[in-house]
Amino acid sequence: MSDSAAAERGEQYEEPDWLTLTEDEDLLWKGRQSLWTYASGFLTSVIVVVAGIALAILNPSLPSFLPAGALIIGLVVVLIGIAIGIFIYLQYRFNLYAISSEQVYYRSGVLARDVTQVRMEQIQNTACNQGILERILSFGDVRLDTAGSAQVELHLWGVKSPQTVNQIVTTRLNEISSRGDISTV
């Protein structure tokens, strides 16, 4: 790991259980989307829960034919809001990224697991994108363009410190290129 960006920073990452690295492959970075990328989903969840509670509390002021129905509807709305919050949290918890010395990985899925991997040799270009708010909150997107139209392009959406993530990939590509390991497509 001496030639990796992680070693230069003195960082070591424990290999996630969903990732199987080869004997000569080192884990350079692992992470997930910033919680800020889920803020609108969590806000929606809170608004729905508050609306459900308000509907249940306003029960006495509703017409006489609705009170029991309003209470039930309010509770259902609260449960929907809680379900939205749980779904958003599970997305945050189970959408993961990893960068090794040989590949970039994206894991998604709560019940079914899907792992997309792109070999470093396939990456032709990297780009880091951040809007003004994303710069203030220190998250953004890293796009990895791959060789050939049939190849997978990988977007690391909403990662914390995207410049650092982009630099790790770029540094590794330069190391591979200087050794002549990348074949031209």
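The values are calculated or read from the model by the stated rules, or taken from the named source; none is laboratory data. Since this is a predicted model, take the numbers as computed values, not measurements. Heads up, the Cβs are rebuilt from the backbone with ideal geometry, glycines too, and the neighbour counts pull from every protein chain shown. Only protein heavy atoms, including side chains, enter the accessible area calculation; ligands, DNA and RNA are left aside. Shrake-Rupley method; radii C 1.70, N 1.55, O 1.52, S 1.80 Å.
Assorted remarks:
- Amide H to amide H, with H built 1.01 Å from N, Glu153 comes under 5 Å of no residue 5 or more places away or on another chain.
- By accessible area with a 1.4 Å probe, ligands and nucleic acids excluded, highest first: order of Val118, Val76: Val76, Val118
- Formal net charge of residues neighbouring Ser34 (Cβ-Cβ distance under 15 Å; K, R +1; D, E -1): +3
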